[in-house]
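Data first, discussion second: the structure below is written as structure tokens.
The values are calculated or read from the model by the stated rules, or taken from the named source; none is laboratory data. In this text, all values refer to a predicted model and were calculated from it rather than measured experimentally. Cβ: placed from backbone, ideal geometry, glycine included. Neighbour counts: every protein chain shown.
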């Protein structure tokens, strides 16, 4: 009886210790940096206590005062059994469900996939039917029958083939659910108030510079002006029920803030060093393209063999003016719903995305009074900067089976394709008499003398420059400098990606020729 009790106490002690350790594991996997530190400490403490329980001998005093050690006393047996179980099950659970084992050299993730596939197991499959399963029957029927969602079906099928982390799959499942809920909400809002789509989007401004050329800085500086309406990150994710400017009162703002904290602190802690990203700041309108099934992250970065069918569709859109018109019909409707609270007809909508370069002819047909601001920077800086961004996201979030060099080659290929299309489509608009719609800004000049460059932008978009504009910009640049000192800046060079200046010159001769032709200094 004593032996049973002894074993029971041991089991209870070890179970309690490892229950705490498992809670800590959840903290590590899902929470912020401070919680992660606590979690790691708790797991370490549980391991130490287990080892101590294994090593300390147990004994009892006999009638003649001698101590007799029982090598297999209850707590030690419990420690041995439970310790062994957790030592075995811990890595196995991590291996199967999180895919975070840092043993990339032997490619355990591929081994995991092979094992699970052999037994017909796919953890968290990204499938159209499973994504819409929680919707009503009428809603399911609409999503199944509506051809507008064919691109999403192709995208979902492609993503399901990608061998990556389970958390990656979960995030994409949630993303598609959000997209479909947003579609339903948009139709409901328009049904309740048809006048939403009767108000044209007048004199919009599009920032269409290549990535890492200063578009984010330009975007943020324009956001300082209340005469311009620029969607915030969380407003692109959801249709807020609150009027603009009341983000602190909006539960969706706080929800998205927590989501971003989880992403940056747990999944990609280095991300903020390479890109400003928060719920309450201006963000690219990529999310609006996502609503139409357009994602250039999938098109440009993910494994070609997995996303072949999706890439075919993307190329078809790039080459088809009719498909592009359909895309901007959806885009306009989303913008109109976003602007439904704006009563002042003089307020201008401003959007930022490199993707517009692919569809400039369709864009100008939908928004005939649009203006374009194009930022420029030396490709010797753009290529390593953008490669660094995607390399960070790949290593800390996607965990795709690419080296830094392969990521850089993919980024360079996409930049070459994008810059070529941007120049080609711009020249087409210039031939049609829209040349005065474009203004060019140098990244170097924007950083060195933001006031002078912003005056050029204001002149281009026919917006009066005021003393308040200058004061706001000076204050923003001062605060931004302090923030960068606190967060830190990610360093990058061509050599870290095994690229040379000569390679960049050869790949982007068309772009440098265009800059020389237009006398644009970078």
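A few points about this structure:
- In the condition set (1) in a helix (DSSP H, G or I); (2) surrounded by 17 or more Cβ atoms within 10 Å (Cβ to Cβ), residue 417 is compliant with all but (2).
- Subset of the range 449-477 (residues that are within 29 Å of the chain's Cα centre (by Cα) and without any contact (Cβ under 8 Å) to a residue 24 or more places away in the chain): 475
- Condition check for residue 434: touching a strand residue (DSSP E or B) at 6+ places or on another chain (Cβ under 6 Å) and surrounded by fewer than 19 Cβ atoms within 10 Å (Cβ to Cβ): no
- Among the residues listed as 425, 452, the single one being assigned to a helix (DSSP H, G or I) and crowded, with 18+ Cβ neighbours inside 10 Å: 425
- Scanning the range 251-273 turns up at least one residue that is at pLDDT 75 or above, outside the structural domain of residue 389 (by TED's automatic domain parsing) and buried (at least 19 other Cβ atoms within 10 Å of the Cβ).
- A Cβ distance below 6 Å, combined with a sequence gap of six or more or placement on separate chains, defines the contacts here; from the range 416-443, residues that are in the same structural domain as residue 377 (by TED's automatic domain parsing) reach residues that are surrounded by fewer than 17 Cβ atoms within 10 Å (Cβ to Cβ) and not in a helix (DSSP H, G or I) in the pairs 440/520; 442/521.
- Candidates in the range 274-289 are the residues that are in contact with a strand residue (DSSP E or B) (Cβ under 7 Å, 6 or more places away or on another chain) and surrounded by fewer than 18 Cβ atoms within 10 Å (Cβ to Cβ); of these, the one that is modelled with the highest pLDDT is 281.
- The sole residue among 126, 196 that is out of contact with any strand residue (DSSP E or B) (no Cβ under 7 Å at 6 or more places or on another chain), assigned to a helix (DSSP H, G or I) and either surrounded by 15 or more Cβ atoms within 10 Å (Cβ to Cβ) or at pLDDT 95 or above (or both) is 196.
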